[in-house]
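Data block below; observations after.
The values are calculated or read from the model by the stated rules, or taken from the named source; none is laboratory data. Just so you know, these numbers come straight off a predicted model, no measurement behind them. Cβ coordinates were reconstructed from backbone atoms using ideal geometry, including for glycine residues, and neighbour counts include every protein chain displayed.
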Amino acid sequence: MENFNLFIRSIFIDNMIFAYFLGMCSFLAVSKTVKTSIGLGIAVVFVLLITAPVNWLVDTYLLKPGALKWMGENFKDIDLSYLSFIIFIAVIAAIVQLVEMVIEKFSPPLYNALGIFLPLIAVNCAILAVALFIQDREYSTIGEVMAYAGGSGIGWMLAIVSMAAIREKIRYSNIPRPLKGLGITFILTGLMAIAFMSFMGIKI
Amino acid sequence: MNQEKRESLFSKKYLKLLKKPLNLNNPISVQVLGICSALAVTVQMKPAIVMALSVTVVTGFSCLIISSIRNTIAPNIRIIVQLMVVAALVIIVDQILKAFVYDVSKKLSVYVGLIITNCIILGRVEAFAMGNKPWASFIDGIGNGFGYGLVLIIVSFFRELLGSGKILGHQVIPKALYNAGYINNGLMILPPMALIIIGVIIWIQRSKNPELIDKG
């Protein structure tokens, strides 16, 4: 129940985009059509579900103060947490490159559609942020970690798909010319964020 | 090639590299890079300035380093190499911030770490440093860092002024105004307003420079 609560919270209330502005670059650049944004959304959820637990395991058994206790008494005072940025990003970059190769092999249309943004998943802030938030908030069981990672990914996907749907329709509206494209997208995101704030305070 | 070598370190070409990202090629409002990690730090000016400086330093030096080793990097592992360089620099910045401005570093929390995935850095490294000489890349990195910092400071200025009536933590809106019924705009402190302010900045910038308007 606790984990389910966390899952729902991270989709709606702590939404990666609307509450923390994470993963905005690909959010703004790819949200032009619903089809590609669904593809990218799925890719993000998928990468998150692999990287978050791996990074959590690395953090718990290698980096945290005292995490090296399993190697023997001599190692119990070692604190490697200052290495966490570099290790997390290495794990993420390696896994993303792997996913890229797999997609290129098995689904060339998806690979072509995502184009340059597949390697950019590695630098999608949402992915690293999930690893850092898990460390920061000290989630302690694998269930919690998976619930948080899945929820964040789905929340991100929800945001990008709905934004793409709005942008497909707004093409036919009469917007001031300088505001077209990027400008109106920012303002729309802001308005959507205000709408999402109404989820605050909901408890399950 | 030889001619380039004779150019002084601050010739016109380099000044142009430095200036262009401030307006016409601004990383945030034109290239749409690096919005990710930054908006949440713009509630007050102080963290915004610290963040802007950190990003400038990291961008400049990672461009410099990557550009100096660009001929030895194998193309298919380049992203990992680039990330490693950036991550190492960010760790240094993070440790410095923790040592000298601990309160700001606490406020920035995970966002310092997120400089690693700030698309400005990777974007500039990929697009510029991989194909240019070290000094030009360094200037380009610093210029983009400033362009990013400029937007950050403008946004945080308005959010702090209108949201809590302060600038850099000092009260600037006089007490008398509050007594006359002025109220701080609470909405400014909330995340959505940062997005809307950037939207407005883009609007103003594009009406001044019509060549930036999106086609289609």
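Please determine, by comparing only the residues of region A:163-199 that are among the hydroxyl-bearing types (Ser, Thr, Tyr) and crowded, with 16+ Cβ neighbours inside 10 Å, which one is farthest from the other protein chains (Cβ to nearest Cβ).
First, the residues of region A:163-199 that are among the hydroxyl-bearing types (Ser, Thr, Tyr): A:172-173, A:185, A:189, A:198.
Right, trim to crowded, with 16+ Cβ neighbours inside 10 Å and you get A:185, A:189.
On the way: A:THR185: 8, A:THR189: 5 Å.
Only one residue tops the list, namely A:THR185.
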Pairs returned, first residue in region A:47-61 that is farther than 24 Å from A:ILE103 by Cβ, second residue that is polar (S, T, N, Q), beta-carbon separation under 6 angstrom, 6 or more apart or interchain, are A:ASP59/A:GLN135
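Take the residues in region B:188-216 that are more than 15 Å from A:PRO178 (Cβ to Cβ) and in contact (Cβ under 8 Å) with a residue 12 or more places away in the chain; name whichever of them is surrounded by the fewest Cβ atoms within 10 Å (Cβ to Cβ).
Residue satisfying both the conditions and the ranking: B:ILE189.
May I ask you to list the residues in region B:24-54 that are of a type in the set (Ser, Thr, Tyr) and touching a Cys at 6+ places or on another chain (Cβ under 6 Å)?
Kept after step one, since they are of a type in the set (Ser, Thr, Tyr), are these residues of region B:24-54: B:29, B:37, B:42, B:54.
Within region B:24-54, just B:SER37 meets the criteria.
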Per the filter on region A:11-42, residues of a type in the set (Val, Ile, Thr) and either in a helix (DSSP H, G or I) or without any contact (Cβ under 8 Å) to a residue 12 or more places away in the chain (or both) are A:ILE11, A:ILE13, A:VAL30, A:VAL34, A:THR36, A:ILE38, A:ILE42
Only one of (1) at the interface with another protein chain (Cβ under 10 Å from one of its Cβ atoms); (2) within 20 Å of A:ILE86 (Cβ to Cβ) is not met by B:CYS63, so which one is it? (1)
Name the residues in region B:74-93 that are surrounded by fewer than 19 Cβ atoms within 10 Å (Cβ to Cβ) and modelled with pLDDT of 80 or more, would you? B:VAL81, B:MET84, B:ALA88, B:ILE91, B:ILE92
Would you mind listing the helices (runs of 4 or more DSSP H) fully within region B:99-216 where at least 1 residues are closer than 27 Å to A:PHE186 by Cα and within 14 Å of another protein chain (Cβ to nearest Cβ)? B:102-108, B:110-113, B:119-127, B:134-164, B:191-208
